[in-house]
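Written out below as structure tokens is the structure these notes cover.
The values are calculated or read from the model by the stated rules, or taken from the named source; none is laboratory data. Values in this document were obtained by computation on a predicted structure and should not be read as measured data. Cβ placement follows ideal geometry from the backbone for every residue including glycine, while neighbour counts extend to all protein chains displayed. Note: areas computed on protein heavy atoms with side chains; ligands, DNA, RNA excluded. Shrake-Rupley method; radii C 1.70, N 1.55, O 1.52, S 1.80 Å.
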Amino acid sequence: MVFLSKAAAAREGRAAEPRLADSGDQGSEDPLHVASRLHAFNRFELKYLVPVDQAAQIRDELAERMDRDLHSPVGGYGVWSLYYDTPQLRFYWEKIEGLKFRRKLRIRHYGNLDGVVDESLVCVEIKQRVNRVTQKRRITLPYGVARRLCDGREMVEHSPKESAFIQEVLDLTVRLNLQPTAITGYQREALVGRGADTGLRVTFDRRVRGRDRDFHFGIQTPENRFTIPPHMSVMEIKVNERTPHWITDLAARRNLNLVRISKYVQSIEAFGLAPRSVFHINEADCPPPTPTEAQPPNGRPAQHDASLKVGAQ
């Protein structure tokens, strides 16, 4: 397995998350002169669970020193992931047990799921943790080809630069008997650092939901449900090497507490596929705002039942 150098990782870390293509290193030799769709980067991640209204305030404050990601429109963009795991949920248990090295395989789609067809572009991604560093490697493929690779365990057309990654995906799916296990989705807004803070990325994920069946992005009426209370959002700070001091000052001033949370783990436990763990966010720990704090336009108290399917689509 080849890891990026620190300099290369820094360059890759500046790329916007929804970017669906990468031209590869200019200095590398490719006898076929095929542009590589492989994208990889390393980073540290800090996570916070904050109410949606507070997240909006934090986002506005960050916007004074950061720029909106060019791929992140006002209101954000959809992120949908199909996670693969073994019948015994090996990847889930590796996360729970805190293994120093662990991996996950997923297919990810950026944007709305309406109209997703076999030709729609998605990312096949291996996300792994090495000690405290998060590493991601992914390749852009048409959705139908991605499902042939991960579900059908078929060799698909690829360039020489992508061969090692494709082989690793096939090895994982065949050797571990991986199968579709859960789908997660949320609406993401993203900011990127400027100047000396290049490499800094802060995301806000709201309406975190998912399902444990119907594992196809193109299903017309999926039965998703909220896996994190809908009045809460997940704020993630992502850096290549160190967190800027002004970010840590902001977190301290707003009494933000680091949380151990995984959207995949949350989905597994929310649907009763495994016992609840220290990573699980209980609704009782995140009470919704009272009607006087958040009064909807029609004058009726808002409902924030995380188990509701209505509106979770």
Inspect the stretch 100-119 for any residue being of a type in the set (Asp, Glu) and modelled with pLDDT under 95 and give the result as yes or no. yes
Expected output for the stretch 96-110 (first residue in contact (Cβ under 8 Å) with a residue 12 or more places away in the chain, partner in a helix (DSSP H, G or I) and open to solvent by less than 40 Å² (accessible area, probe 1.4 Å), Cβ below 6 Å, 6+ apart or cross-chain) is 102/94; 104/91; 105/172; 107/146
Qualifying position, being of a type in the set (A, V, I, L, M), assigned to a loop (DSSP other than H, G, I, E, B), over 30 Å from residue 194 (Cβ atoms) and open to solvent by less than 60 Å² (accessible area, probe 1.4 Å), among 268, 281: 281
Given the criteria open to solvent by less than 30 Å² (accessible area, probe 1.4 Å), over 16 Å from the mean Cα position of the chain (by Cα) and under 27 Å from residue 226 (Cα atoms), does residue 178 qualify? yes
Those residues of the stretch 126-156 which are charged (D, E, K, R), surrounded by fewer than 19 Cβ atoms within 10 Å (Cβ to Cβ) and at pLDDT 95 or above amount to 148, 151, 153, 154
Counted residues in the stretch 220-248 being closer than 24 Å to residue 183 by Cβ and without any contact (Cβ under 8 Å) to a residue 60 or more places away in the chain come to 1
Filtering the stretch 86-98 for residues that are farther than 18 Å from residue 123 by Cβ, open to solvent by less than 60 Å² (accessible area, probe 1.4 Å) and not β-branched (Val, Ile, Thr) leaves a count of 5
Considering (1) under 30 Å from residue 87 (Cα atoms); (2) not in a loop (DSSP other than H, G, I, E, B), say which one residue 177 fails and leave the rest. (2)
Some residue of the stretch 199-221 being open to solvent by 10 Å² or more (accessible area, probe 1.4 Å), of a type in the set (Gly, Ala, Ser) and either touching a Pro at 6+ places or on another chain (Cβ under 7 Å) or at pLDDT 95 or above (or both): no
